[in-house]
Every structure is written in structure tokens, then in C-alpha cells.
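Here's the structure, in C-alpha cells; my notes come after.
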Amino acid sequence: MNGNIPAPTIEYAQLAPMLVVFGAAIVGVLVEAFAPRYLRSAIHLPITLLSLAAAFGLTIWQVVKGVPTKAAAMGAVAVDGPSLFIWGTILVLAFVSVLLINDEDHFVAAAAAVPGSAEEEQALHAGAGHTEVYPLVLFAVGGMLLFPAANDLLVMFVALEVMSLPLYLLCGLARRRRLLSQEAAVKYFLLGAFSSAFFLYGTALLYGYAGSVDLAKISTALGAVGGQDTLLYVGAAMLGVGLLFKIGGAPFQAWKPDVYQGSPTPITALMASGTLVAAFGALLRVFWVALGGLDWDWSPVLWGVAILTMIVGAVLAITQTDIKRMLAYSSIAHGGFLLVGVVATGTAAQNSASLSAILFYLVAYGFTTVGAFAIVTMVRDAGGEAWHLSRWAGLGKRSPLLAGTFAFFLLAFAGIPLTSGFFGKYAVFQAAVSGGALPLVIVGVVTSAVAAFFYVRVIVLMFFSDPAADGPSVVLPSRGTALVVGVAALATVFLGVFPQPVLDLAQNAAHSLFVR
Amino acid sequence: MEPAEIIQHSGGVIGASWLMIALPLLGAAILLLGGRRTDRFGHLLGVAMSVAAFVVAALAFFQLLGFAPGERRRGVSLYDLIPGITKIGLLVDPLSISFCLLITFVGSLIHIYSIGYMAHDPARRRFFAYLNLFVAAMLLLVLADNYLGLYVGWEGVGLASYLLIGFWQHKPSAATAAKKAFIVNRVGDFGLAIGIFTIFATFHSVSYAGVADGIAKGGSIPFTAIGLLLLLGACGKSAQLPLQSWLLDAMEGPTPVSALIHAATMVTAGVYLVVRSGPIFQATDTAQLVVTIVGVATLLAGAIIGTAKDDIKKALAGSTMSQIGYMMLAAGIGPAGYAFAIAHLITHGFFKADMFLGAGSVMHAMNDEVDMRKYGGLRKLMPITFVTFFIGYLAIIGFPLLSGYFTKDGIIETAVEHNAILGWLAVLGAGITGFYMSRLVFMTFFGKKRWEADAHPHESPAVMTWPLIILSVGAVVLGAFLVLGNRFMIFLAPAVGRPEELPSFAPFSPTGLVTLALVAVGAGFAWVRYGSAEVPAVAPRGSFLTTFARRDLYGDALNEALFMRPGQWLTRLAVFFDNRGIDGLVNSLAALIGGTSGRMRKVQTGFVRSYALSIFVGAAVLVGAWFVVGNL
């Protein structure tokens, strides 16, 4: 101990996808500082898209080169099969979300101006805009990449914050219905901070128990440390609260409808797809790696959470009259279905089956949900996007293609065969049945039936009701939005008819499970 | 001899045989999604896709010929639909490739013919899109290596048939006919679906190979139940008794559709199903007997209906029913009959398509008139149509040395040997065929003109006559080519098996001579009644028997009395129970969930403080629960 701090060894190649995204985000900040206003948007878009594409390429390269079998950066980050699969998924979803973000004027002209003030009016006329959106999105995506790969509770906490803070800001930047948007941002921030505190407190207690924040070391401490069960149980439960908050598991789901509704719709699409994927990755890693030896304890608790989440999501969605809130509750219900897969643990083969099912489900759901929100951005009336369901009546008569595509996404959410949703649900429920979670699967199937009701209700509304006289019009999609909808629809069809390649990928990714 | 093993195959044209399905499907997708932009070249694209599928089929056929006969069943696996349960794959073997060649060759000719026939129709592109869709679905039906794929194709051709029968949906009669075809087929398809469910429940597989393995393993297998359920499906699609009623009305569709779907290909799918399911049918005498009885009953019923129709297309439709009856009869006999069933199916595909397209050519010339009483004396004005039609006519009545003579006679000989009563009834059917087909030809092409005042008959353009010429060449030579030397039976053997002893073709067997004599009597009688005598322009009342035949043997009346009226009562009863009982239950359940939802919604106050409280309470419950569970 002579005061020297040994330099850590960092495997830059393994971390390259994250580094590219973070680097591009920092370049974006510099662009904000130095580039003239009228050029910024034109500079940001290629940087953002290129960095996401490059990160995706680097992720693929890692897979081709051979998946690392040891955690990188002194055991702080685990770039393993599931991580790489999740990275690929998040990067593609983020790429399409950015196309949506770039597309129309979704964002406020001057965020600091009081809604309805003369200052805001002025900024609108001047054609001002917040191009900070792009670096913020990149920071959030970087956080999403780190979150599921973190092999250390403190790194995971940092990742959680890096992911969440930009999202809090982005939520408040909607161009229209600004009060709602700002309210959403504040709510998300307050509740997010609240849940982060739980996460951090849980980390501290677990450190007290195991003497380390490293997931692998916590795992080995489980059997070795005696008489400290209080620390362990309270710490693990609090950690669970922090993670379940992010995926919107009941009873921590209350923020989701409000935030999803108030945020600019492209940001909602990013959160509903990317954040969910990242949070599930982290949840799986904590529960399976750090607390894997404890599954007899947490699995009944998660059973309860899963059941409650499915019921709350499906039942509350029925009485929603706002399309974005309905999709938010649908996202809660899908989180519940995914939790069914999380508790289906057992032998290594069982774990890998469950994990691959969850990974497939995340891909399927991510694409469908981005597509659905992309369509929400296109149905507009004088006050912006038309969210109230009554405004969607008869849309099928006016824009059959758009309404048909949306109906298709809804059927995928409901899990109708020949859509990706069917195979996602099928895979997760099958894994759960073989993992001994049959009662959960029964609840899952029943709530799926309840959920099918409100999905089909929207279809009925669109195709079998008479259109309102002053109904919303469908804006002609720009190339970006059309591309997003097209890609999402294709992915939904492809994964529904030809799921094997992606199932194989997920199986390969899940085969070696998480590294320790 | 038993069918050969299936060998997995990849590479070559056979490995790419999915292109046969994909190309027409792509054509349909482009034409349907492309909208009016594709109006200009839509028909050409449709033809190109169909011809391309034919080219693939032909190349695959030649590659298949390159293998030894015992290795000519090639499985092409595409992907696992549900891992471990259902693989989606294709089976290229002598049986399926025969169908592929028939479907794509006749299909392409009919595509080409339609360019001329539909030239003035504003919705021509949509017509070609549906035709492409049909070709793709039909190829999937015959190429799938499992019952699930077959079922998807089966429903696909049903959809295409529905869309094309109702193609002129502005005519109420066409819309009704389409609906009728759809509903009647529902009955059959339901049987097929339950049959496939039973197959899966019994063998835990829906693939043909899996079924064959399961049969080889033995055990108690409900062969008869499966066979009868599959037969119900076959009856619906192939318009066999008792599900025959839709085919006559289906003639409301454009004539090329009648030729392709309702004569040459789709309606023969039932025969394909029975032959393909040979291992199941051969294990159950009951189901086989029922197949043969259905075949004979239909061949007689179709022939009798054909004698009384004045509508040229309906007379031909009756004849189609009847000819498929012959195929069904042969398919029910077993390996001895399979080759004849399929050979007759192929030759029938040629000569019946030839005659339907000929009828279309006549209608085209006569302002879409279909009543044969308003034709007469057309042979001089439409020489090509007449000659080709006449060749088709000679082929179907079994005139020596033409196609029908070989294939139909083969069926009759085999049937007489198998079961004398059924066999001689089939001979009687041949006699009636001689009568009604001669009547049709004499009324249309011979005698005096009985045209409407504004009719100006003329020969059709070359794009319509060339397909007729090519089809009539097939009608002349195919029968001899397939049957002489048992060429087709030996070719098919790896796929469906064959009898130990090959039949020998006897040109002047007693049965054959009696058949020919009866056909001659029938044709002569037709000449006396419709050739040399005046044909009244308005149909005479006729005897009770004529009315019986004109009313389709009271098939519709029977359906109405037996099914429609009781069905209506049943629906009323069901609606009553549904409203009172089931809806009450469902509605109260829905109200319960909805009410719960409404009450739970109140928790979502919108106040962030109450959300935080719920998180706090939730966290407390979670910690508490963990403690309870952990200390158990």
C-alpha cells in the first residue's frame, strides 16, 4: 500500500458499441455549442444515425468474433450473449425511433418559455427548435446499453441514471399539450428519483451483507454469510423495487400511463421499446446472477408481482379512452407476461429456454410497439395528435391502409397466430409451463383474453363505426415515419411467419446464459 | 408395391421448388398492392409469373426424372414453424409434380387466353391478381409435405374461388353464387379440419411421412373416422354428393375461371387428397367403399343434370361433376385405381379446359349469351373453336384412341373388376355422357341458327384460339401417352404404390365394347332429338324426369328443406339462448371486469404523491413478503 492506484485494464474492443454511442453524444453536445443554429439539425441526424449503425455493426462484429466469456473492465461490465442480443435489439429500436424523432415537429420551440406565453409564440414564429434532443437520446441509449450489461450494482445504478435523466428531460419537450408534457416530466422525475433511492438503498444493504457490489461476489456470498438475512432480504427487495419500477411492474406501474401519455410520442416509442428491453436485461441479470441461489425466496414474490401486473395492465386498459394510455397499460400487461418468463427458472437448460423466450418476446414487442406509436403520430386534428379513442372511429373507412396496419399491430399485441406476438407469448408461456409456473401461465392466458378485448375494440371502432364528421385527418407520412411503420410491420409479419432465425439467434445468445 | 421413402433434398431446381409458389404469390401481391399503377402491365405480369412457375415445375420434373425411380420422393424442408412440432416443407414426388405441371401449364394457357377474354373488363388487373393467387395456393396445396400446408393451400384456393366466382359482384347472382360456394365449402373444410386434428391427435404429426411412420408402428388408429372426415373435405372441394350444389352456380364467374378452377384444377383437389391419403384409406374398407359409392352416385347425378341444362356452362359443369365422380371412384379402389384417377384427372384437365374455353369463345362471339337454344349452326363461322371443341367432345365421350378413351376406360375396367355393380353403373354413366355431350355439341354448332337479332358471331382472336389448339392437342395424345404400356402407373408408383400385377390394356374387352355401344346409342339419340330435329327456342315443359334433372335433382330443394330451414330454426333458437343465457353470463362477466376496471381507475388519481405512496406501500409489501417467504 504505497498509495499507487493500479491502472484498471479495460477491454475497449468489447465496450466499443457503448463508447461509440457515448462519444457521438458528446460530439452532439459540442455541435450544440459551436455549430450555427440553422445547421445543427442537419449535422445531428447523420451523427446520431451513423453512431447507432456503427454501434450495431460493432455488436455484430463481437458476435461474429466470438462472444466473450469473461466480464470486461475489471468485472464491471459483462459483454455476454444476452448483453449482445439486447444491445442489437436496443440499437435497432433506437435507430427507428430516431427516424421518428427526426420526422416531424414533435418538440417544443422553447422549452423554457411558459406555455401559452408571448415568448413561446415568438419562438414558434422564429422557427426555433430544440436540437439537443439528439445528444439527449444518444445519452439515454448509451445508458440503455450499459444498464443490462452492468455486472456491478454501482455501475448499474450509474447506468440507470444515465439512461433516465435524459429521458426525464425529453418527456417534457412535447410541442403540443405542453402542460401535460411538463407534468409528465416532473412526475417521471420525482418517481424515478424515488425509485432510484430504493435501488441505491438496496445496493447499500446488499453491500453490507456481501461486502461487495459485484454481482458474482454477491452470488457467492449467498451461501457463505450467515445470520445477516435481514440485510439480504430487505436489500434484495429494495433492489427489486427499483428494477420493477422501470419495467412498470405492479404496484409500481402508476407512472407509466401518465408519462407515456404526456411525452412526445416518438419519445414514448423509445421508452416503450428501448427502456423496457434494457430494464428487463438488468432485472434478469440481478435476479438470475446475483440472487440466482435465492430463487426459492424471490420467485414467489415475483409470482405475485407478475400476476398483479398482468391483471392491472389488462383490466385497467379496458376503460381507457386515450390511445396512448391504452398502449401504456398494454405495455404494463406485456411486462407482466415477460415476468412470467423471469420466474420460470430451474436447470441450466430451463434457464436458457426461458431467457431465449424473453429475448425473442422483447424483440417482437419492441418492433410492434414502435410501429404502433409511429401510427399514433400520424393521426392528427387541429390540436395535434388525436389521442381520444372516439376520434379514431371510422378511421378504417378513410385510411384503410393505415387503419389496417394499426389493426395488425393490435392483433400482434393480442398474440394472434401469424404475428410476432403469438410466437413471443407462445415461447414465454411454453418455457414457463416447463419451468413449473403453470398457474402463472393460466393467469397469463386469461388476462391475454381480457387484453384481446380492448385491442379488438379499437379495431371494431376503426372499421365498424361511422367516422365522426370533424374527425382527425391522417397526415401523409414523411419518409422516416413511413419507413418506421413499414419496418415494424415487416418485422411483425416476419417474426410471425418465419420466427426461426431470430429464435435461433436468441437461443444462441441465451445458451451460455449470463457470465459471472 | 409400397410407396418409396422420402429423401431430404437441397440444391438444384427441386431445392428451389418453393419458387413455384412464391412467384405467383409475388405477382398477386404486386398487382393487389400496386393498385392502378399496375393496370397497364398487370395482365402481362400475371402471365409471366404463371409461365415462370411452369418453367420451374418443368425443370424440377426433369431433375426428378434423373433419379432412380425409388429415389423420386424428394423432401425440401423450408423451416420449423413451431420447433419440434411442425416443420414446413415441400414434397416433390411424381404425384405432386404431375399436378404442378398440369396446374402451371393449363394455368398459363388460361392466363394467356384471359388476356383476350377480359380485354374489355375494367378490372382486368384484379382478375389476374386473383388468378395468380389461385395458382400459388393450388401449388402450395399439392406441394406441401404435410396436412397443415395442404390445409392452408386448400383455404387459399377456396378464397381465390370465392373471389373469382363473385368477380362481377355487381351482379346479385354472382355475389350469391360466391357466397353459396363459400358456405358449402365451409362444411367440407370443417370436416377436413377435424380430420387433420384427429390425425395430429393420433400420430402427433401432420406430415405425410409422420403419418406413414405412425401407421407402420401400428396401434389402435381410427382409420375410418379420419378417412370419412377427409372425404367430407374432398366432397366439398370437388363438388361430390352431398356437397355438389355450389358448382353449378359457380359458373357465374368469368369463363376462364370456370375452366381453370371449376374444371381443370381446384375441383380435383379432393381426388388429390384421397390419393395422397392413400395409406389411411387403404387401411379401412368402409371409408374406401364410401368413396367409391360417392364417386358413382356423383358421376350419375352429374351426368343426369348435364342432360337437361340449356345453359352451356352449366351443362359442362354437370359434366365436370360427373367426370370427377369417375376419378373419385378410381381413387376409392386403391393402388389399382390411383394411376387411372390421376391420369383421367390430367386428361380431363386438358379436354375440359379446352371445352370451357371453347364455350367462352362462343359466348364471346354471341354477346355473352349462354343459352344453347339461342346458338345453332356455329361451326362454319367459328371453325377453330368448333374443331378444338369437337376434339374435346370426342375425348370426353371416349371416342377410340383419344384421351378419354384410355383413361376413362381404364377406370371403368378397374371398377368392374373391383365391384361389378359400381362398375356397370359407371358404364351406364358413360352412355349418358355420350348423350348429353352430343346434345351440347349439336345444339351449339349444328342445326339451324337460332340467334338473337343482334348477334354477330365471329372467330375469336389468336390469343384466345392458340390456347384452344394447344389444349386440344393434349386432349388427343395425352391419354395414349399416359396409359399405353402403363407408363403413368409406373411413374407414379414411388409416390402412391401400385398393384403387384400391372394391368394390360385390352382394346376390345367386353366391358369396353359395351361402353362404346352405349356411348354410340346415347350420341345417336342426341342426333335424333337435337341434331336432325328442330330445337325449340324456348325449352318445352318436358316430363317429370326432365324437370327433375333441370332442378339439379332437387339438390337445392333438399338442402333448403333439410338444412336451411332447420338451420334457420336452429339459429333462432341459438340466438335466443345466446341472448338469454350466454350473453347474460358473458355480459355480467364483462360488466364485472369493466366495473373492476372503473373502480381501479380511481386509484390512478394523477397526483404524484399518491403514486409515491403506492410505491412505498408496494415496497413495504414486497419486503414483508420476502421476509415471510424467506423464513418459511
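Observations on the structure shown:
- Residues in region B:586-595 that are more than 9 Å from chain A (Cβ to nearest Cβ) and not polar (S, T, N, Q): B:Val586, B:Leu589, B:Ala591, B:Leu592, B:Gly595.
- So B:His204, is it in contact with a Gly (Cβ under 8 Å, 6 or more places away or on another chain) and crowded, with 20+ Cβ neighbours inside 10 Å: no
- Selection from region A:303-314 of residues that are in contact with a helix residue (DSSP H, G or I) (Cβ under 7 Å, 6 or more places away or on another chain) and surrounded by fewer than 24 Cβ atoms within 10 Å (Cβ to Cβ): A:Trp303, A:Gly304, A:Ile307, A:Ile311
- Residue within region A:495-513 that is away from every other protein chain (no Cβ under 14 Å), under 19 Å from A:Val96 (Cβ atoms) and surrounded by fewer than 22 Cβ atoms within 10 Å (Cβ to Cβ) present: no
- Test: residue in region A:220-228 that is within 14 Å of another protein chain (Cβ to nearest Cβ), assigned to a helix (DSSP H, G or I) and closer than 23 Å to A:Leu355 by Cα: yes
- Residue match in region B:148-158 (condition: closer than 30 Å to B:Val362 by Cα, aliphatic (A, V, I, L, M), at pLDDT 90 or above and buried (at least 17 other Cβ atoms within 10 Å of the Cβ)): yes
Residue-by-condition table, conditions (1) at pLDDT 95 or above; (2) surrounded by fewer than 24 Cβ atoms within 10 Å (Cβ to Cβ); (3) hydrophobic (A, V, I, L, M, F, W, C):
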position: A:Arg176; (1), (2), (3): no, yes, no
position: A:Leu179; (1), (2), (3): no, yes, yes
position: A:Tyr207; (1), (2), (3): no, yes, no
position: A:Leu215; (1), (2), (3): no, no, yes
position: A:Ser219; (1), (2), (3): no, yes, no
position: A:Val225; (1), (2), (3): no, yes, yes
position: A:Thr230; (1), (2), (3): no, yes, no
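- Filter result for the condition that a residue is within 14 Å of another protein chain (Cβ to nearest Cβ), in contact with a strand residue (DSSP E or B) (Cβ under 8 Å, 6 or more places away or on another chain) and touching a residue at least 12 places away in the same chain (Cβ under 8 Å), over B:Gly89, B:Gly75: B:Gly89
- Only residues that are at pLDDT 85 or above and at positive phi were counted in region A:91-127, giving 0.
- Note on region A:210-219: residues that are touching a strand residue (DSSP E or B) at 6+ places or on another chain (Cβ under 8 Å) and not in a helix (DSSP H, G or I) total 2.
- Identity of the residue in region A:300-320, part of a helix (DSSP H, G or I) and touching a Gly at 6+ places or on another chain (Cβ under 7 Å), that ends up nearest to the other protein chains (Cβ to nearest Cβ): A:Ile318
- Any hit, region B:605-620, residues being surrounded by 11 or more Cβ atoms within 10 Å (Cβ to Cβ), among the β-branched types (Val, Ile, Thr), within 14 Å of chain A (Cβ to nearest Cβ) and within 59 Å of the chain's Cα centre (by Cα): no
- Residue in region A:460-471 that is closer than 30 Å to B:Ala590 by Cα, touching a strand residue (DSSP E or B) at 6+ places or on another chain (Cβ under 8 Å) and more than 14 Å from every other protein chain (Cβ to nearest Cβ) present: yes
- Checking each residue of region B:377-398 against the condition of being assigned by TED's automatic domain parsing to the domain that holds B:Pro540, assigned to a loop (DSSP other than H, G, I, E, B), in contact (Cβ under 8 Å) with a residue 60 or more places away in the chain and under 30 Å from B:Thr511 (Cβ atoms) gives at least one match.
- The residue list B:Gly555, B:Gly598 contains one member that is at the interface with chain A (Cβ under 7 Å from one of its Cβ atoms) and either farther than 30 Å from A:Met238 by Cα or under 56 Å from the mean Cα position of the chain (by Cα) (or both), which is B:Gly598.
- Candidates are the residues of region B:242-294 that are of a type outside the set (Gly, Ala, Ser) and part of a loop (DSSP other than H, G, I, E, B); the one that is surrounded by the fewest Cβ atoms within 10 Å (Cβ to Cβ) is B:Gln282.
- For the residues B:Gly337, B:Gly302, the requirement of being without any contact (Cβ under 8 Å) to a residue 60 or more places away in the chain, assigned to a helix (DSSP H, G or I) and buried (at least 22 other Cβ atoms within 10 Å of the Cβ) singles out B:Gly302.
- With respect to being more than 10 Å from chain A (Cβ to nearest Cβ), more than 24 Å from B:Met437 (Cβ to Cβ) and surrounded by 12 or more Cβ atoms within 10 Å (Cβ to Cβ), B:Asn579 falls outside the description.
- Odd one out for A:Ile323, checked against (1) touching a residue at least 24 places away in the same chain (Cβ under 8 Å); (2) facing chain B (nearest Cβ under 9 Å); (3) within 25 Å of A:Phe373 (Cα to Cα): (2)
- Residue match in region A:269-284 (condition: within 12 Å of chain B (Cβ to nearest Cβ) and out of contact with any Cys (no Cβ under 9 Å at 6 or more places or on another chain)): no
- Scanning region B:621-632 for residues that are exposed (fewer than 15 other Cβ atoms within 10 Å of the Cβ) and either more than 10 Å from every other protein chain (Cβ to nearest Cβ) or among the small types (Gly, Ala, Ser) (or both) gives a single hit, B:Gly624.
The values are calculated or read from the model by the stated rules, or taken from the named source; none is laboratory data. Treat the numbers as computed from the prediction; the structure is a model and nothing was measured. In this analysis, Cβ positions are derived from the backbone assuming ideal geometry, glycine residues included, and neighbour counts consider all displayed protein chains.
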